[in-house]
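These notes concern the structure reproduced below.
The values are calculated or read from the model by the stated rules, or taken from the named source; none is laboratory data. These numbers come from a predicted model, not from an experiment. Note that each Cβ is placed from the backbone with ideal geometry, even for glycine, and that neighbours are counted across all protein chains shown. Only protein heavy atoms, including side chains, enter the accessible area calculation; ligands, DNA and RNA are left aside. Shrake-Rupley method; radii C 1.70, N 1.55, O 1.52, S 1.80 Å.
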Amino acid sequence: MDLPAVLRLADEDIAANGLTERFRTEAADLFAGPYPTGADVITLSRILHDWNDDHCRRTLGHCFDALPAGGVLLISENDFSGKTVYSELYSLFMLLLCESGARERSESEHRALLDEVGFRNVELIRSDGPHDLIVARKP
């Protein structure tokens, strides 16, 4: 799911790799919604840190609305501790390139946003790499 101009590129890549039977694309706006339905899992990879809390709530709300009961939201972002040098430097970088309020968020900040829109059973999975994963379920 993305804007039409991005989907044209994605469709070309999907076809070039012989994956048209496994993937489909659908146009939708991150903030305007609604998101396509029919999936049991939605993945947001390095999306939320680009936006302020209000935009994150809107995005997470659209994810919640698109998922069925029992559906899962996967959020992959930089280290959720918010205390690494990389995390701090990336937050400074985002101050220059993103909207006001965009930043690396801690696990507790993500949990609060997810709770506000209705997600439950939130689990953090730490990785050895630069990205962690939050798994949230729609009741």
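Under the convention that each Lys and Arg Cβ holds +1 and each Asp and Glu Cβ holds -1, the size of the dipole of the chain around its Cα centre is about 280 debye. Each of A15, G61, A102 was scored by the projection of its Cα onto the charge dipole of the chain, and the greatest displacement toward the positive side belongs to G61; charges sit on the C-beta of Lys, Arg, Asp and Glu.
A69 sits among other residues whose Cβ lies under 14 Å from its own Cβ, and their net charge, with Lys and Arg +1 and Asp and Glu -1, is +1.
Springs between alpha-carbon atoms under 10 Å, Gaussian network over the chain: tell me which of F93, F23, F64 tops the mean-square fluctuations. For the chain, modelled as a Gaussian network with Cα springs under 10 Å, the answer is F23. Taking every protein chain into account, the accessible area of the stretch 53-125 amounts to 50 square angstrom per residue (probe 1.4 Å).
Taking the convex hull of the alpha carbon positions in the chain and averaging its projected area over all directions gives 9.0 nm². Can you pull the percent of the stretch 1-137's accessible area that's carbon plus sulfur, 1.4 Å probe, other chains left in place? The computed percentage sits at 55. Using C-alpha pairs below 8 Å separated by at least 6 residues, the relative contact order for the chain is 24 percent. Bridges between two residues of the chain, per DSSP, are antiparallel at a rate of about 65%.
Close amide H partners of A102, meaning residues 5 or more places away or on another chain with modelled amide H under 5 Å apart, are N52.
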